[in-house]
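Q: One structure is given below, represented as structure tokens, and several questions about it will come after.
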Amino acid sequence: MPITDETLLAEVEDLLRTQPEHLRAQSPETIAWFGRAGALVEAWNSAFGISFRLSLSQVLNINARAAGQGVREILTLLHQMRSDLLMKVRGPLSTVVGRGMVYDYFDELRKILEPARQDVLFVDPYLDADFVSRYLPNVHRGTRIRLLGREKMATLMPAVRMFVQQNNTSPIEVRSAPNFHDRYVFIDGSACYQSGASFKDGGRAAPTTLTQITDAFAAMQSTYESIWGGAKVEQ
């Protein structure tokens, strides 16, 4: 009996939630995790199953650079699988949040952040201390966090430093740039979501939306990675 898209989606989301902290350590836990991942990818798309096996051979390479590249390729593939299945099962995410429904907004954004394991890039001119306390605890430990802001750097930077110090996390990268106005979050280089309001204000004073960008994803990612590359390094 064929495995349904709904079942595959539930399995890959559970796989991402239970990812071992050190994927290059060849422990029984990581071997079992890679085995499960390979089976799921093969069930989803046999052609990508071949790509998975090639990447896994790199993970087992004694060369650290090749092994790291293999891990990144596998995680990207798993997130691609998840995004593809999400669109098939639910369609692109498009959530309308009513005025005053601040928890609904928070909960939708939390669901977007939790699967991230490689990189989260927030783009929002008004990132501030409230944003840090509200959302960064929902990013999985060890995930690279990048913040591109502008207007609230005086309150954002102390909050970022204290968050890193208290949680003993990797440094959070912060940059500032002029002339951008939209609010986006990019997840693991494979998904992008636009917020109709600043992340810190979602649902507070007016209705807003969270919308997954699909057709224009590559262009949006290229645009904001370019802005990030030329932005002022704050930390």
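The values are calculated or read from the model by the stated rules, or taken from the named source; none is laboratory data. The structure presented is a predicted model; accordingly, all values stated were derived computationally and were not measured. Neighbour counts run over all protein chains shown; Cβ positions are idealised from the backbone, glycine included.
Q: On the given criteria, is Ala197 closer than 23 Å to Glu114 by Cα and either outside the structural domain of Ile145 (by TED's automatic domain parsing) or exposed (fewer than 13 other Cβ atoms within 10 Å of the Cβ) (or both)? Please lay out each step first, then the result.
A: Details: closer than 23 Å to Glu114 by Cα: yes; either outside the structural domain of Ile145 (by TED's automatic domain parsing) or exposed (fewer than 13 other Cβ atoms within 10 Å of the Cβ) (or both): no.
Considered against the rule, which asks whether it is closer than 23 Å to Glu114 by Cα and either outside the structural domain of Ile145 (by TED's automatic domain parsing) or exposed (fewer than 13 other Cβ atoms within 10 Å of the Cβ) (or both), Ala197 comes out as no.
Q: Tell me the helices (runs of 4 or more DSSP H) entirely within the range 18-131 that contain at least 2 residues that are out of contact with any strand residue (DSSP E or B) (no Cβ under 6 Å at 6 or more places or on another chain) and among the charged types (D, E, K, R).
A: Working: elements: 28-44, 46-59, 64-89, 102-113.
In the range 18-131, 28-44, 64-89, 102-113 are the helices (runs of 4 or more DSSP H) which contain 2 or more residues that are out of contact with any strand residue (DSSP E or B) (no Cβ under 6 Å at 6 or more places or on another chain) and among the charged types (D, E, K, R).
Q: Does any residue of the range 165-175 turn out to be charged (D, E, K, R), more than 21 Å from Arg110 (Cα to Cα), assigned to a helix (DSSP H, G or I) and in the same structural domain as Trp228 (by TED's automatic domain parsing)? Even if it seems obvious, please write down each step before you answer.
A: Of all residues in the range 165-175, those charged (D, E, K, R) come to 173, 175.
Now narrow it down to the ones that are more than 21 Å from Arg110 (Cα to Cα): 175.
Then drop every residue that is not assigned to a helix (DSSP H, G or I), which leaves none.
No, that holds for no residue.
Q: Further, regarding this structure: Which residues, taken from the range 54-73, are under 17 Å from Val41 (Cα atoms) and either β-branched (Val, Ile, Thr) or touching a residue at least 60 places away in the same chain (Cβ under 8 Å) (or both)?
A: Of everything in the range 54-73, those that are under 17 Å from Val41 (Cα atoms) and either β-branched (Val, Ile, Thr) or touching a residue at least 60 places away in the same chain (Cβ under 8 Å) (or both) turn out to be Val59, Val71.
Q: Just to be sure, is Asp104 of a type outside the set (A, V, I, L, M, F, W, C), assigned by TED's automatic domain parsing to the domain that holds Pro207 and touching a helix residue (DSSP H, G or I) at 6+ places or on another chain (Cβ under 6 Å)? Quick ask: steps written out before the conclusion?
A: Details: of a type outside the set (A, V, I, L, M, F, W, C): yes; assigned by TED's automatic domain parsing to the domain that holds Pro207: yes; touching a helix residue (DSSP H, G or I) at 6+ places or on another chain (Cβ under 6 Å): no.
Answer is no for this residue.
Q: What do you reckon, is Arg134 part of a loop (DSSP other than H, G, I, E, B) and either modelled with pLDDT under 90 or closer than 21 Å to Gln194 by Cβ (or both)?
A: no
Q: Please work out which residue is surrounded by the fewest Cβ atoms within 10 Å (Cβ to Cβ), limiting yourself to the range 127-165 and to residues that are among the β-branched types (Val, Ile, Thr) and more than 15 Å from Gln235 (Cβ to Cβ). Show your work before the answer.
A: Of all residues in the range 127-165, those among the β-branched types (Val, Ile, Thr) come to 132, 139, 143, 145, 155, 160, 164.
When the remaining residues are screened for being more than 15 Å from Gln235 (Cβ to Cβ), the result is 139, 143.
Values: Val139: 20, Thr143: 17.
So, considering only residues that are among the β-branched types (Val, Ile, Thr) and more than 15 Å from Gln235 (Cβ to Cβ), the one surrounded by the fewest Cβ atoms within 10 Å (Cβ to Cβ) is Thr143.
Q: Among the candidates Arg65, Arg53, Arg90, Arg99, which residue alone is over 16 Å from the mean Cα position of the chain (by Cα), among the charged types (D, E, K, R) and at pLDDT 90 or above?
A: On the way: Arg65 fails: at pLDDT 90 or above; Arg90 fails: at pLDDT 90 or above; Arg99 fails: at pLDDT 90 or above.
Only one candidate passes the filter, namely Arg53.
Q: Those residues that are touching a helix residue (DSSP H, G or I) at 6+ places or on another chain (Cβ under 9 Å) and farther than 19 Å from Pro20 by Cβ, I need them from the range 31-49; list them, please.
A: Glu42, Ala43, Trp44, Asn45, Phe48, Gly49
Q: Picking from Asp84, Asp5, Asp107, which residue would you name as being acidic (Asp, Glu) and under 26 Å from Pro137 (Cα atoms)? Step through it out loud before you land on a result.
A: Details: Asp84 fails: under 26 Å from Pro137 (Cα atoms); Asp5 fails: under 26 Å from Pro137 (Cα atoms).
The conditions single out Asp107.
Q: Which residues, counting only those in the range 8-59, are surrounded by 14 or more Cβ atoms within 10 Å (Cβ to Cβ) and of a type in the set (S, T, N, Q)?
A: Within the range 8-59, Gln19, Thr30, Asn45, Ser51, Ser55, Gln58 qualify.
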